[in-house]
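Student: Got a structure for you, questions after.
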Amino acid sequence: MRPAAGLHPGSDEGGRVALVIAAGELPPPALVRGVIEGTSTVVVADGGLHHAALLGLEPDLIVGDMDSVDADLLAEYSQAKVERHSEDKAQIDLELALAAARRSGARSARVLAAFGDRFDQSLAALLIAARLAGDPAAFPVALHGGNHSAYPVTPALPRSLHIPYGTVLSLLSLEGDAVVSVGGVRYALDHALLPFGTGLGVSNVATEDIVEVTCFEGSVALIVEHSETRD
């Protein structure tokens, strides 16, 4: 099935939105539906093809070294374009998939199953998204995996998101000492210093329908902890 029309609730994205499917843990079903909604192209990163099959999504492009894809499953998607890379590549499959999504004309991307049981891969996903957000022509990437979502925020890329009341969220500086404002939360900040390498921004709580985060200096990660009972 193709993603439905319309914008993802809480999104501040504009233009074409790519759905990139990685090989981590899928979010709760209700969140999956929201992430898929409004996307215009489906790019699968290697083992993410198993998730695409489970969700009934037809990929436009499959990217990676194919070391995590069952050959029989890959054969079922013979109509999809495959961008195959060497196992000795310097980038992870998600990184290559995001680059391919950008080349396809997408203006932003949402990643399903971005986080899994490999901490190194999960951290790399966040840092790759942060790099893309900080490019001169910012490419917004929202990451969703398990009960977690993450959104890089830069001076050129503020975030305004619908987050359920009582949801725990955190802000962590990604480079140097960031300066941020945060509204719609229990502990609001106004042009506050968020030092690198501290827990100052951890465990805030959404108290309004919309949480707004603006970064004036540096860059930060907005990390949302979804309820485990969400369905």
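Student: Given the options GLY183, GLY197, GLY218, name the one that is surrounded by fewer than 20 Cβ atoms within 10 Å (Cβ to Cβ), of a type in the set (Gly, Ala, Ser) and closer than 25 Å to ILE128 by Cβ.
Tutor: Just one listed residue meets the conditions, GLY197.
Student: What number of residues within the stretch 161-180 satisfy the criterion of being open to solvent by 30 Å² or more (accessible area, probe 1.4 Å) and over 19 Å from GLU217 (Cβ atoms)?
Tutor: 5
Student: Quickly run through the stretch 200-215 and pick out the residues that are within 19 Å of the chain's Cα centre (by Cα) and open to solvent by less than 60 Å² (accessible area, probe 1.4 Å).
Tutor: Hits for the stretch 200-215 are VAL211, VAL213, THR214, CYS215.
Student: Scan the stretch 72-79 and give yes if some residue there is touching a strand residue (DSSP E or B) at 6+ places or on another chain (Cβ under 7 Å) and over 18 Å from VAL111 (Cβ atoms), otherwise no.
Tutor: For the stretch 72-79, residues touching a strand residue (DSSP E or B) at 6+ places or on another chain (Cβ under 7 Å) and over 18 Å from VAL111 (Cβ atoms): present.
Student: Conditions first: (1) assigned to a strand (DSSP E or B); (2) of a type outside the set (D, E, K, R); (3) open to solvent by 40 Å² or more (accessible area, probe 1.4 Å). VAL153 passes all but one, so which condition is the exception?
Tutor: Of the numbered conditions (1) assigned to a strand (DSSP E or B); (2) of a type outside the set (D, E, K, R); (3) open to solvent by 40 Å² or more (accessible area, probe 1.4 Å), the odd one out for VAL153 is (3).
Student: Oh, and also: Those residues that are touching a strand residue (DSSP E or B) at 6+ places or on another chain (Cβ under 8 Å) and either open to solvent by 50 Å² or more (accessible area, probe 1.4 Å) or more than 23 Å from ALA156 (Cα to Cα) (or both), I need them from the stretch 115-142; list them, please.
Tutor: Of everything in the stretch 115-142, those that are touching a strand residue (DSSP E or B) at 6+ places or on another chain (Cβ under 8 Å) and either open to solvent by 50 Å² or more (accessible area, probe 1.4 Å) or more than 23 Å from ALA156 (Cα to Cα) (or both) turn out to be PHE115, GLY116, SER122, LEU127, GLY134.
Student: Quick check on the stretch 101-111. Is at least one of its residues open to solvent by less than 40 Å² (accessible area, probe 1.4 Å) and part of a loop (DSSP other than H, G, I, E, B)?
Tutor: Checked the stretch 101-111: at least one residue is open to solvent by less than 40 Å² (accessible area, probe 1.4 Å) and part of a loop (DSSP other than H, G, I, E, B).
Student: Go through (1) crowded, with 17+ Cβ neighbours inside 10 Å; (2) outside any helix (DSSP H, G or I) one by one and return the number of the condition GLU95 breaks.
Tutor: (2)
Student: Further question: How do the pairs read when you match residues in the stretch 177-189 that are outside any strand (DSSP E or B) with residues anywhere that are open to solvent by less than 10 Å² (accessible area, probe 1.4 Å) and hydrophobic (A, V, I, L, M, F, W, C), using Cβ under 7 Å and keeping only pairs 6 or more apart or on different chains?
Tutor: GLY184/ALA206; GLY184/VAL211; ALA188/VAL182
Student: Additional query: Quickly run through the stretch 221-231 and pick out the residues that are open to solvent by less than 40 Å² (accessible area, probe 1.4 Å) and part of a strand (DSSP E or B).
Tutor: Correct list: ALA221, LEU222, ILE223, VAL224.
Student: Kindly indicate whether VAL63 is touching a helix residue (DSSP H, G or I) at 6+ places or on another chain (Cβ under 8 Å), part of a loop (DSSP other than H, G, I, E, B) and touching a residue at least 12 places away in the same chain (Cβ under 8 Å).
Tutor: Against the criterion (touching a helix residue (DSSP H, G or I) at 6+ places or on another chain (Cβ under 8 Å), part of a loop (DSSP other than H, G, I, E, B) and touching a residue at least 12 places away in the same chain (Cβ under 8 Å)), VAL63 does not qualify.
The values are calculated or read from the model by the stated rules, or taken from the named source; none is laboratory data. In this text, all values refer to a predicted model and were calculated from it rather than measured experimentally. No Cβ is skipped: glycine too gets one built from the backbone with ideal geometry, and neighbour counts run over all protein chains shown. The accessibility values were calculated without ligands, DNA or RNA, using every heavy atom of the protein model including side chains. Shrake-Rupley method; radii C 1.70, N 1.55, O 1.52, S 1.80 Å.
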